[in-house]
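Since the structure comes first, as structure tokens, the remarks are kept for the end.
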Amino acid sequence: MLVPYLPLIAGLFLGEVFSYSQQDLQLQTAPSVSPKATLTTSSESSTSSNAVTITSSSSSSSVSFTSSSSTSTAEYESSVRKALAWLVSQRESDWGWRNDTPKVITALQLVQNDDLRSLLPGHIEMQLSAKQMEVEIVVLLWRHHEVPITPPKLSQYALALSSLCQDPRQFHGHDLIGTLQHHEAVHDLEFAYASLAICSAKAHLRKKQIRRLLDIARSANGHNIDTLAMTILALRCIVKDHRHRNIHNSLRSPSVSLAKKQQSDGGFENLYNTALSILVS
């Protein structure tokens with residue numbers, strides 16, 4: 001039952017992962033009210049008829065979610081509809097979403113459900129929002145000597161452009177992906193996020209960048225949930241789009257480590273970690 005809403009969850013998470021506000025932190029510490037889901041490795045998968053098994057791109061790392069049969073599809077649709085309607089309602093008069101424009105555009109572009117797409121802004125409205133985002137990028141590039149562009153911020157814009165089927169390597173004469181690769185992030189989470197943005201733009205990661213992702217995957221027990229999940233997403237993208245099939249086996253260790261971090265209520269510490277972990281599975 002969770003599968004149709006994973007794209008929306010993904011978009012929302014990728015937009016928020018590096019920008020926790022005070023309200024966000026309050027939401028993260030609030031008790032979960034979502035249907036309980038159990039994440040297990042393939043060797044522990046339930047044979048119940050209510051279990052939905054989602055297999056990752058790596059044949060050696062599959063997980064299953066068991067959702068309560070009492071939870072109806074209507075409840076999911078109602079919740080997502082309310083969230084989507086609220087998101088659209090927050091748009092400003094300039095067709096942007098203040099500092100969150102690339103995050104919201106990514107989320108809206110990733111909505112695949114036909115019923116939900118009827119709630120999205122019209123084509124012309126989305127074009128105006130995209131133009132507003134382009135203006136924001138131009139301003140950032142113009143002022144980069146005064147206010148340096150951080151890798152997470154650049155990753156957000158690169159992912160948003162990719163979601164709009166625009167090439168971030170050719171943004172009005174600027175190569176955003178080249179800039180992102182030139183300024184490698186120090187923190188592993190930011191590095192994995194940037195790697196996902198680079199791969200999503202169909203650009204090739206350098207061998208040393210892939211080695212760093214593999215090092216994170218091999219030392220999975222020493223990393224947080226968000227870092228593990230983002231690393232898995234980046235490696236899956238590399239396997240799928242760049243055909244590095246030899247990376248398949250490296251996905252098992254972080255996937256198993258991630259499964260072991262699930263809490264008794266079905267969540268993964270906070271709202272964003274839970275959303276990202278569901279996407280990974």
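Would you confirm whether or not region 141-158 contains a residue that is more than 17 Å from L180 (Cα to Cα) and outside any loop (DSSP other than H, G, I, E, B)?
The answer is no; no qualifying residue exists.
Would you tally the residues in region 199-227 being of a type in the set (A, V, I, L, M, F, W, C), within 17 Å of D188 (Cα to Cα) and free of Cβ contacts under 8 Å to residues at least 40 places away in the same chain?
Count: 7.
So, of the residues in region 113-161 that are acidic (D, E) and under 20 Å from R91 (Cβ atoms), which turns out to be surrounded by the fewest Cβ atoms within 10 Å (Cβ to Cβ)?
Within region 113-161, the match that is surrounded by the fewest Cβ atoms within 10 Å (Cβ to Cβ) is E125.
When region 162-175 is examined, which residues are found to be in contact with an Asp or Glu (Cβ under 9 Å, 6 or more places away or on another chain) and either farther than 11 Å from M133 by Cβ or buried (at least 21 other Cβ atoms within 10 Å of the Cβ) (or both)?
P168, R169, H172
Only one residue in D241, D265 is outside any helix (DSSP H, G or I), of a type in the set (D, E, K, R) and surrounded by fewer than 21 Cβ atoms within 10 Å (Cβ to Cβ). Which one?
Checking each option against the conditions leaves just D265.
Is it the case, given these coordinates, that P102 is under 26 Å from T227 (Cβ atoms) and assigned to a loop (DSSP other than H, G, I, E, B)?
no
Restricting to region 178-215, count the residues that are among the hydrophobic types (A, V, I, L, M, F, W, C), over 18 Å from the mean Cα position of the chain (by Cα) and in a helix (DSSP H, G or I).
Of the residues in that region, 2 qualify.
Just checking, which of L196, L213, L180 is surrounded by 21 or more Cβ atoms within 10 Å (Cβ to Cβ) and over 18 Å from L154 (Cα atoms)?
L213
Each reported figure results from applying straightforward, stated rules to the coordinates on display, with no laboratory input. Keep in mind that what you see is a predicted model, and the values were worked out from it rather than measured. Here Cβ is always computed from backbone atoms with ideal geometry, including for glycine, and neighbour counts include all displayed protein chains.
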